[in-house]
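Here's a structure for you.
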Amino acid sequence: MQATAQVSAHEQSSRSTPAMDTQTTQLRGVSALRLSVLTDETTSPERQRDANRRAAAALGFDLADREAVDLGVSASKTTPFQRSGLGAWLKRPDDFDALFFWRFDRAVRRMEDMHELAKWAREHRKVIVFAEGPGGRLVLDFRNPLDPMAELMVTLFAFAAQMEAQAIKERVNGAMAAIRMMPLRWRGSRPPYGYISVPLEGGGSTLVLDTEPDEKTGPAPVAVIERIIRDLKAGKMLNAIAMELNGEGIPCPRDYWNLKKGRKPGGKSGGQGESFDKERFLWKGGMIRELLTSERLLGWKMHNNKPVRDSEGRPVLASTEQVLTREEFDGIAKLLEETKKEVWRNSTWERRDTNALLTRVAKCEGCGQNMHRHRRSAGSKSTSKTSTYRCGAHMNGIKCPRPATLKMEWCEEYAEREFLRIAGSIQVKKVVETPGYDPAPEIAATLAEFEEHQRQEGRQKSNAARQAWQKRADALDARLAELEARPKIEPRREVIETGRTYADEWHEADTRGKRQMLRDAGAVLVVRRAKSRGGWRYLDESRVSFYMTGDIDPSVEELTAIERVETVELSAAA
């Protein structure tokens with residue numbers, strides 16, 4: 001069989017390939033393919049594969065099916081050893097004799113990376129072949145440790161590759177910076193969730209709202225965002241919303257883009273050297289918070305998570321369409337902040353599978369703490385299997401002077417009866433809120449950006465840098481003045497009757513829905529400690545009282561106010 005003896009390190013073209021010696025086994029090669037950006041129209045992988053095969057055939061190497069494929073991988077950001085395809089082969093040096101690359105930049109873009117690769121090749125006595133290049137084919141033979149020419153050639157070519165990569169980076173960054181300042185022009189990368197890129201007449205692209213559902217990707221992103229906001233306003237926590245989205249198989253923003261481009265969901269996750277594959281990425285509470293608080297929903301262009309601003313300090317728009325208006329955006333931000341404080345202050349977390357109707361409704365009269373459902377465990381000494389509501393003071397490290405316990409069935413029946421007695425005949429009203437406008441949130445955000453910029457004052461060494469710094473400072477100052485001149489517009493509320501009563505809603509709701517109705521109404525069931533051991537056959541109604549503090553109806557407010565006073569007097573007398 002045909003094989004190589006020693007390949008010259010100075011070879012620059014296939015015409016100068018030295019004659020091959022005959023050996024008993026043919027040397028084995030690995031065809032390494034790499035591409036920074038992978039698209040559906042990409043032809044480069046096949047071109048690289050074909051060039052490597054032709055070079056291997058000319059040099060007498062056998063490639064068989066040995067390939068190291070790294071598509072969508074940047075050589076400027078990863079070393080050969082960090083890439084999943086090539087890195088796996090480099091860990092098994094006994095399985096091959098040579099590496100084949102199409103061109104030098106398919107292997108490395110930095111001198112230090114080429115130095116490490118050459119060091120590895122010298123230690124393991126390997127040949128590195130670049131199938132094509134400015135001077136033709138280049139073959140570097142590291143099997144002779146006394147030959148310094150291969151390493152010299154590597155250093156020279158690595159320097160050239162690094163300079164080329166730096167020039168490309170500067171050109172791309174310059175072009176991207178110019179496009180960022182162009183209103184309504186999108187640079188062609190992945191658009192923000194809620195938008196889709198469409199071509200513009202005359203070239204380039206812009207963003208429009210992504211409102212069309214698709215069989216591959218599921219609901220439209222705008223519809224998903226609107227659903228999240230409705231759930232948030234209905235009192236759901238971010239993590240609960242995320243769990244529901246995941247349970248329904250709605251793809252998160254990253255998976256949505258993969259599906260939109262015809263790729264599989266999921267992918268690599270984790271840091272360098274610790275990455276692992278996921279079949280799909282999941283919604284998380286933090287992800288939803290980040291989505292709803294990003295000015296991208298306003299149609300603004302963002303760079304490094306900061307608004308891109310023009311010379312007057314105004315945000316540069318990526319689209320004429322907005323997922324949210326400024327008023328809606330500020331309202332969501334306020335709601336998220338209030339929800340966060342409420343969760344921290346009242347410990348509102350609860351089990352999603354609980355069927356306890358009075359969670360955070362039943363209160364112990366002795367200490368005012370929430371009462372919790374208690375079920376007898378299988379190993380309990382008590383023979384009773386009755387579920388109860390118990391004072392939860394001990395769970396918060398508080399000692400209750402008169403801890404109360406009452407049968408769960410009695411508590412819930414009494415609360416239901418009283419709620420329907422007081423509010424059952426009242427018509428359910430829908431409140432439609434028209435958001436106002438308050439420039440204060442944007443003023444605060446712009447001021448924070450201005451103050452951060454001011455901290456860089458005096459650090460500029462060149463006149464050009466000082467002028468650029470001053471230009472941005474003036475722009476931010478102008479924007480602040482513009483925002484301060486805008487009037488504040490108060491929000492408006494309109495109450496619309498639905499034609500349904502609270503009793504109608506109650507009888508159609510499940511336990512969770514009923515519990516939410518009680519909470520929305522500000523319902524409180526106060527439970528007092530029993531005065532004696534009796535009263536196990538029926539509810540002693542002197543031990544309980546029920547009132548509501550929510551905004552349901554003026555007549556209900558008056559009635560519950562009277563009953564609450566009576567409750568306080570009864571408690572004092574006891």
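The values are calculated or read from the model by the stated rules, or taken from the named source; none is laboratory data. Every value quoted in this text rests on a predicted model; they were computed, and no experiment measured them. Positions of Cβ are generated from backbone atoms using ideal geometry, with glycine treated the same way; all protein chains shown enter the neighbour counts.
So which of V69, V73 is among the aliphatic types (A, V, I, L, M), surrounded by fewer than 20 Cβ atoms within 10 Å (Cβ to Cβ) and part of a loop (DSSP other than H, G, I, E, B)?
Within the list V69, V73, the selection yields V73.
Please enumerate the residues belonging to the stretch 231-252 that are in contact with a strand residue (DSSP E or B) (Cβ under 8 Å, 6 or more places away or on another chain), of a type outside the set (A, V, I, L, M, F, W, C) and buried (at least 16 other Cβ atoms within 10 Å of the Cβ).
Within the stretch 231-252, just P251 meets the criteria.
On to the next question. If A88 satisfies all but one of (1) under 26 Å from D62 (Cβ atoms); (2) assigned to a loop (DSSP other than H, G, I, E, B); (3) not charged (D, E, K, R), what's the number of the condition it fails?
(2)
Something else about it: Being of a type in the set (S, T, Y) and either assigned to a strand (DSSP E or B) or surrounded by 10 or more Cβ atoms within 10 Å (Cβ to Cβ) (or both), is that true of even one residue in the stretch 508-522?
Taking every residue of the stretch 508-522 in turn, at least one turns out to be of a type in the set (S, T, Y) and either assigned to a strand (DSSP E or B) or surrounded by 10 or more Cβ atoms within 10 Å (Cβ to Cβ) (or both).
Follow-up question, since we're still on this one. Residues being of a type outside the set (A, V, I, L, M, F, W, C) and in contact with a strand residue (DSSP E or B) (Cβ under 8 Å, 6 or more places away or on another chain): count how many of those fall in the stretch 403-437.
Count: 14.
Checking G436 against (1) surrounded by 11 or more Cβ atoms within 10 Å (Cβ to Cβ); (2) small (G, A, S); (3) modelled with pLDDT of 85 or more: exactly one of these is not met. Which one?
The failed condition is (3).
Here is a yes/no grid of residues against (1) at positive phi; (2) outside any loop (DSSP other than H, G, I, E, B); (3) surrounded by 13 or more Cβ atoms within 10 Å (Cβ to Cβ); (4) at pLDDT 80 or above:
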site	(1), (2), (3), (4)
A161	no, yes, yes, no
A178	no, yes, no, no
L184	yes, no, yes, yes
Y193	no, no, yes, yes
I196	no, yes, yes, yes
G202	yes, no, no, no
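Filter the stretch 498-507 down to residues that are closer than 30 Å to P435 by Cβ and more than 39 Å from the chain's Cα centre (by Cα) and give me whichever is surrounded by the fewest Cβ atoms within 10 Å (Cβ to Cβ).
If we take residues in the stretch 498-507 being closer than 30 Å to P435 by Cβ and more than 39 Å from the chain's Cα centre (by Cα), then G499 is surrounded by the fewest Cβ atoms within 10 Å (Cβ to Cβ).
Quick one: is D97 in contact with a Lys or Arg (Cβ under 8 Å, 6 or more places away or on another chain) and crowded, with 19+ Cβ neighbours inside 10 Å?
yes
How about the stretch 430-480: which of its residues are in a strand (DSSP E or B) and aliphatic (A, V, I, L, M)?
Correct list: V431, V432.
Across the stretch 290-305, which residue is farthest from A223 (Cα to Cα) among those that are crowded, with 16+ Cβ neighbours inside 10 Å and not hydrophobic (A, V, I, L, M, F, W, C)?
Taking the candidates together, the pick is K301.
Going by the conditions given, is I228 at pLDDT 90 or above, not acidic (D, E) and not in a loop (DSSP other than H, G, I, E, B)?
Here the answer is yes, as I228 does meet what is asked.
Quick check: is even one residue across the stretch 403-425 surrounded by fewer than 16 Cβ atoms within 10 Å (Cβ to Cβ) and farther than 30 Å from R500 by Cα?
Yes, there is a match, as at least one residue in the stretch 403-425 is surrounded by fewer than 16 Cβ atoms within 10 Å (Cβ to Cβ) and farther than 30 Å from R500 by Cα.
While we're here: Being of a type in the set (A, V, I, L, M, F, W, C) and in contact with a Cys (Cβ under 7 Å, 6 or more places away or on another chain) is true for just one of W300, W283, W257. Which residue is that?
Checking each option against the conditions leaves just W283.
Could you tell me whether any residue of the stretch 232-253 is among the basic types (K, R), part of a loop (DSSP other than H, G, I, E, B) and closer than 22 Å to L209 by Cβ?
Within the stretch 232-253, none of the residues are among the basic types (K, R), part of a loop (DSSP other than H, G, I, E, B) and closer than 22 Å to L209 by Cβ.
Let me confirm something: among R296, R280, R345, which residue is modelled with pLDDT under 85 and not in a strand (DSSP E or B)?
Going through R296, R280, R345 in turn, the sole match is R345.
May I ask you to verify whether A404 is at pLDDT 90 or above and of a type in the set (G, A, S)?
yes
Is it true that some residue in the stretch 38-47 is assigned to a loop (DSSP other than H, G, I, E, B), hydrophobic (A, V, I, L, M, F, W, C), within 40 Å of the chain's Cα centre (by Cα) and farther than 26 Å from T25 by Cβ?
yes
Continuing with the same structure: Could you tell me which of the residues V568, V544 is under 50 Å from the mean Cα position of the chain (by Cα), modelled with pLDDT under 55 and in the same structural domain as K407 (by TED's automatic domain parsing)?
Unique residue meeting the criteria: V568.
Please name all residue pairs, on different chains or six or more residues apart, with Cβ atoms under 6 Å, provided the first residue is in the stretch 408-420 and is more than 14 Å from T511 (Cβ to Cβ) and the second residue is crowded, with 20+ Cβ neighbours inside 10 Å.
Between residues of the stretch 408-420 that are more than 14 Å from T511 (Cβ to Cβ) and residues that are crowded, with 20+ Cβ neighbours inside 10 Å, the close pairs are Y414/V544; E418/F546.
Which ones in the stretch 408-429 are small (G, A, S) and assigned to a helix (DSSP H, G or I)?
If the condition is that a residue be small (G, A, S) and assigned to a helix (DSSP H, G or I), then A415, A423 are the ones that fit.
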